[in-house]
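Structure, as structure tokens:
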Amino acid sequence: MSNYSRTDFAQVGTTNRGCMKVIPADKEKDFDLIVVGGQNGSLICLSRKSNDTTVTIGIRASRQTYIIFQIVFKTPPGPPIQSLALGGSPANKKKDKVFFASGNQVRGVNKKGKIFFSMETTMAETANRMFVKGVDVVLTGRKSYSRYHDTQDSNNYLCTEDIHDVVSLVYEEAWGAREYTSVLACGNSTLQVIEGNNLGYEVRLESIPFTVSLFMGDGGFSKTLVLYGTKSGRLGLASVPQKGGKIIWEIQTTSSACVTTIVCYSVTGGEFPDIIVGKEDGLIEIYVIDETDHAHLYGTFACEESITGISCGHVASKTETDIIVCTFTGWLFSLAKTSRPLIENLPVAANFSVKMQQLRSEVEELQSKVNEERLRYEEITKRQGGGAGSTFFHAFQVHENFEYSPVHNAYNLTIELVIPIDFVVVQSQLPIRLMEVEKNASVVSEVHQDGLNPWPLLASYRCQANVCRLELRVQANEGDSGVINLYVCPKIMPKCAQITTHYIKALSTHMRAHDFDMYRPMNTLQFSGSFSIAEAHAWLHHLLPNVPSKCPPADTVTNNYRSDANGGTQLQVVYSKGSATFRSDCMTTICIIRDKVSEQTMKMQIRVEVVCELNQESVDHCLKLIDPKISAILTIEKEKLYAAALKNSKNKRFRNSLIFHPPPNDFTNKTECPITGTDGELESNNDNVFSFLSPANARLLRDHDMIYEKADGVDVEESGILAIVENLMVARAKLSGKSIKGKLEAIRDLIANDYTLEKMQALFKMMND
């Protein structure tokens with residue numbers, strides 16, 4: 001999207017997801033309105049007037065264009081606004097009414113800011129997401145779904161999983177014989193179709209859906225098509241007709257960041273409405289739709305903050321559509337084509353230059369006063385000390401996200417503040433590894449564990465100037481569990497930090513799955529005793545990610561999991577009152593579960609009987625699953641070494657190395673190489689070099705730079721692959737009651753020198769005998 005430019009409008013304070021909309025204007029001569037709800041509970045409506053528009057150029061991180069808007073109305077502060085939606089009269093298709101949910105209350109205001117609707121909900125939870133259609137208001141909490149028809153409580157549904165978003169089918173003909181139909185994005189990687197008060201069916205996905213939206217704004221040609229965006233950065237289209245739905249297509253977007261908002265609007269001039277996607281990492285992507293309803297990437301635009309809302313309309317231009325974007329920090333800006341003039345057909349006031357000069361003078365005066373007060377405050381603080389009564393510690397909000405990424409086999413941690421970050425200290429109880437992130441504009445310092453530092457990991461990230469968003473990536477071994485503490489310190493005086501805590505679970509790499517292959521070689525672990533189903537669920541909650549804190553209302557619960565970190569092993573958990581059974585094709589998983597559950601039963605003083613059945617064939621099965629990853633990493637490392645040898649080989653090495661193919665003529669007694677003319681490096685741009693090299697070696701020399709770039713950061717030990725194989729050996733030895741003395745060194749030696757799958761399987765078999 002190189003032909004699109006950013007124009008900043010205003011900064012309104014921190015916002016939640018989905019709390020910004022564009023209200024269409026009543027008259028063609030007027031501009032559309034922007035309405036945004038903040039976390040301070042205030043609803044703000046902004047407008048650009050045709051007869052009083054001021055344009056100025058400013059600097060914010062880089063040179064930006066600013067358009068000054070005026071406030072149409074602003075409501076008093078209150079509880080944080082969690083969701084916002086547009087609605088209108090059923091007889092009038094124009095959505096010119098604003099509904100916003102805060103706490104357990106839903107209110108509606110018109111375009112002039114007058115409250116015309118107020119409703120207290122019967123929900124026990126905070127209303128996080130909302131959808132409005134005519135006189136129907138749909139609300140969802142963390143696990144509850146409610147529909148209010150003309151303020152009357154009509155439908156309710158309690159979900160066993162976390163609800164991330166909701167959308168309803170807007171046309172009754174799409175319901176068929178069903179009651180009012182809504183679609184929930186749930187934390188168990190499903191789209192749940194709610195028909196009235198009941199669950200109609202589920203559409204199973206590969207990852208957790210986070211955002212849902214009607215295709216083309218109304219459900220497409222069948223009125224039953226729903227777009228969804230996942231936490232892993234995938235975008236898909238599902239059909240949800242009566243009696244069963246299906247996935248039509250699903251694609252990977254340009255990054256693996258969470259999709260936070262989806263809007264359908266025609267901005268490229270195509271035949272069909274385009275799909276505009278906003279993401280947690282600040283990426284905005286536009287997809288065009290073809291005749292078969294499939295999406296194709298049109299372009300991307302990157303900003304520096306998390307996207308919380310996207311809408312479209314004629315906000316700054318009457319002839320072309322603006323893409324209006326809202327970020328977590330409250331910045332409102334538009335994306336518009338750069339070919340469009342900045343001011344279109346607007347009357348220029350005679351005293352325009354005078355107004356501009358007055359505004360510049362006022363801004364400079366305000367900046368001077370702020371700097372003076374800041375210096376005075378810092379002097380008072382330093383003179384009177386940190387314990388003085390005049391010292392004021394600023395309250396600031398930390399927006400963070402801590403999610404496991406199967407793509408990177410690591411946890412992605414995002415920290416975002418409204419003010420610039422000075423530094424972040426990471427303190428961990430478990431030996432995690434810090435991984436490089438390309439977007440980081442910070443200097444990392446790590447303190448090794450010793451007598452003065454008892455923490456396995458203690459590191460600091462010192463940020464550069466004007467950095468408000470920081471991305472970290474940490475990797476933990478399967479089986480390790482513990483707490484990670486973050487000390488976030490912004491660039492304010494006096495220095496203060498906010499502490500946030502995250503917990504890594506023992507089976508952190510296991511994600512929810514829908515299917516379980518019973519034909520794999522399985523190991524079984526069974527606990528039986530006098531414990532309740534709630535206690536068994538609590539064990540699972542401490543072991544695995546994305547497990548609800550409350551036990552589902554069922555006599556027997558079955559959950560399936562998959563771990564892509566070790567090649568795709570599976571885990572099935574079946575638990576009820578007095579019984580909990582774990583099945584897995586990986587002995588490491590069984591060993592971790594036995595140790596962790598045993599710890600919990602000892603703490604709770606519950607007497608249980610443990611039965612463990614091992615299948616030795618599962619060891620070879622796991623080694624086969626992990627073999628492609630080991631081979632790929634070793635191949636990259638080997639190519640890097642060979643390419644370096646070819647690039648920097650001296651004459652002597654050139655004659656004696658086995659990987660080269662010398663030409664027929666012998667130049668043993670010469671001091672110079674006949675190919676390069678020197679006794680130095682082989683030049684990859686010399687065509688004569690490739691004449692005597694094998695095709696494989698010629699490719700390595702030619703692709704030297706690309707191979708080095710591909711191998712950057714690739715290491716067997718740092719990737720965690722070596723730890724997976726070692727943990728498999730340790731787990732089998734613990735479960736079988738055998739010693740592992742000298743076995744780990746043999747595994748390392750085999751991988752470092754002469755690895756093949758057959759040799760690794762033979763090594764495991766020999767050590768088991």
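The values are calculated or read from the model by the stated rules, or taken from the named source; none is laboratory data. Predicted model, so just to flag it, every value in this text is computed and none were measured. Here Cβ is always computed from backbone atoms with ideal geometry, including for glycine, and neighbour counts include all displayed protein chains.
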Hits in segment 735-769 (condition: surrounded by fewer than 16 Cβ atoms within 10 Å (Cβ to Cβ) and charged (D, E, K, R)): Lys738, Lys741, Glu745, Arg748, Asp749, Asp754, Glu758, Lys759, Lys765, Asp769
Do we have any residue at all in segment 360-373 that's surrounded by 11 or more Cβ atoms within 10 Å (Cβ to Cβ) and modelled with pLDDT of 75 or more? yes
Strands (runs of 3 or more DSSP E) contained in segment 100-216 and holding at least 2 residues within 31 Å of the chain's Cα centre (by Cα), of a type in the set (S, T, N, Q) and closer than 26 Å to Cys551 by Cβ: 144-149, 190-195
Flag if Arg376 is surrounded by 10 or more Cβ atoms within 10 Å (Cβ to Cβ) and either under 41 Å from the mean Cα position of the chain (by Cα) or modelled with pLDDT under 55 (or both): no
Inside segment 442-468, can you point out the residues that are at negative phi and in contact (Cβ under 8 Å) with a residue 40 or more places away in the chain? Arg462, Cys463, Ala465, Val467, Cys468
Gly220 passes all but one of (1) in a strand (DSSP E or B); (2) buried (at least 22 other Cβ atoms within 10 Å of the Cβ); which number fails? (1)
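Looking only at residues in segment 258-275 that are more than 16 Å from Leu225 (Cα to Cα) and without any contact (Cβ under 8 Å) to a residue 60 or more places away in the chain, which one is surrounded by the most Cβ atoms within 10 Å (Cβ to Cβ)? Steps first, please.
Pass one, segment 258-275, residues more than 16 Å from Leu225 (Cα to Cα): 258-261, 266-271.
Checking which are without any contact (Cβ under 8 Å) to a residue 60 or more places away in the chain leaves us with 259, 266-271.
Details: Val259: 27, Ser266: 16, Val267: 21, Thr268: 15, Gly269: 9, Gly270: 12, Glu271: 9.
Per the criteria, the residue is Val259.
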I'm trying to understand the selection: among the residues of segment 469-488, which are out of contact with any helix residue (DSSP H, G or I) (no Cβ under 9 Å at 6 or more places or on another chain), surrounded by fewer than 21 Cβ atoms within 10 Å (Cβ to Cβ) and not in a strand (DSSP E or B)? Asp480
Being touching a residue at least 12 places away in the same chain (Cβ under 8 Å), more than 22 Å from Ala513 (Cβ to Cβ) and not small (Gly, Ala, Ser) narrows Val610, Val557 down to just Val610
Looking only at segment 96-128, count how many residues are charged (D, E, K, R), surrounded by fewer than 17 Cβ atoms within 10 Å (Cβ to Cβ) and touching a residue at least 60 places away in the same chain (Cβ under 8 Å). 1
Within segment 474-487, identify whether any single residue is farther than 30 Å from Cys586 by Cα and aromatic (Phe, Trp, Tyr), and answer yes or no. yes
When you check Ser255 against the structure, is it surrounded by fewer than 22 Cβ atoms within 10 Å (Cβ to Cβ), more than 14 Å from Met216 (Cα to Cα), of a type in the set (Gly, Ala, Ser) and modelled with pLDDT under 95, yes or no? yes
Note on Met511: of the conditions (1) over 26 Å from the mean Cα position of the chain (by Cα); (2) closer than 30 Å to Met729 by Cβ, unmet is (1)
Quick one: count up the residues across segment 422-450 that are of a type outside the set (A, V, I, L, M), under 26 Å from Glu478 (Cα atoms) and either touching a helix residue (DSSP H, G or I) at 6+ places or on another chain (Cβ under 6 Å) or in a strand (DSSP E or B) (or both). 5
Looking at Pro79, Pro90 in this structure, which one is loosely packed, with under 15 Cβ neighbours inside 10 Å, in a loop (DSSP other than H, G, I, E, B), at pLDDT below 80 and touching a Gly at 6+ places or on another chain (Cβ under 8 Å)? Pro90
Filtered residues of segment 529-571 (kept if in contact with a helix residue (DSSP H, G or I) (Cβ under 8 Å, 6 or more places away or on another chain), surrounded by 16 or more Cβ atoms within 10 Å (Cβ to Cβ) and among the polar types (S, T, N, Q)): Asn559, Ser563, Asn566, Thr569
Residue, nearest to the chain's Cα centre (by Cα), within segment 235-269, restricted to residues that are over 13 Å from Ile284 (Cβ atoms) and of a type in the set (S, T, N, Q): Ser256
Looking only at segment 226-242, which residues are touching a residue at least 24 places away in the same chain (Cβ under 8 Å) and within 17 Å of Glu202 (Cβ to Cβ)? Val226, Tyr228, Thr230, Gly236, Leu237, Ala238, Val240, Pro241, Gln242
Leading residue by the ranking (nearest to Glu726 (Cα to Cα)) among those in segment 607-625 that are more than 33 Å from the chain's Cα centre (by Cα) and of a type in the set (A, V, I, L, M, F, W, C): Val619
Here the residues within segment 187-202 that are farther than 22 Å from Tyr148 by Cα and acidic (Asp, Glu) are Glu202
Which condition number in (1) part of a strand (DSSP E or B); (2) modelled with pLDDT of 85 or more; (3) at negative phi is the one that Ser5 fails? (2)
Hey, among Arg732, Arg748, Arg702, which residue is at pLDDT below 75 and either assigned by TED's automatic domain parsing to the domain that holds Cys622 or touching a helix residue (DSSP H, G or I) at 6+ places or on another chain (Cβ under 8 Å) (or both)? Arg702
If you check Glu709, Glu718, which single one turns out to be at pLDDT below 85, out of contact with any Gly (no Cβ under 9 Å at 6 or more places or on another chain) and not in a helix (DSSP H, G or I)? Glu718
Quickly run through segment 322-338 and pick out the residues that are β-branched (Val, Ile, Thr) and modelled with pLDDT of 85 or more. Ile323, Ile324, Val325, Thr327, Thr329
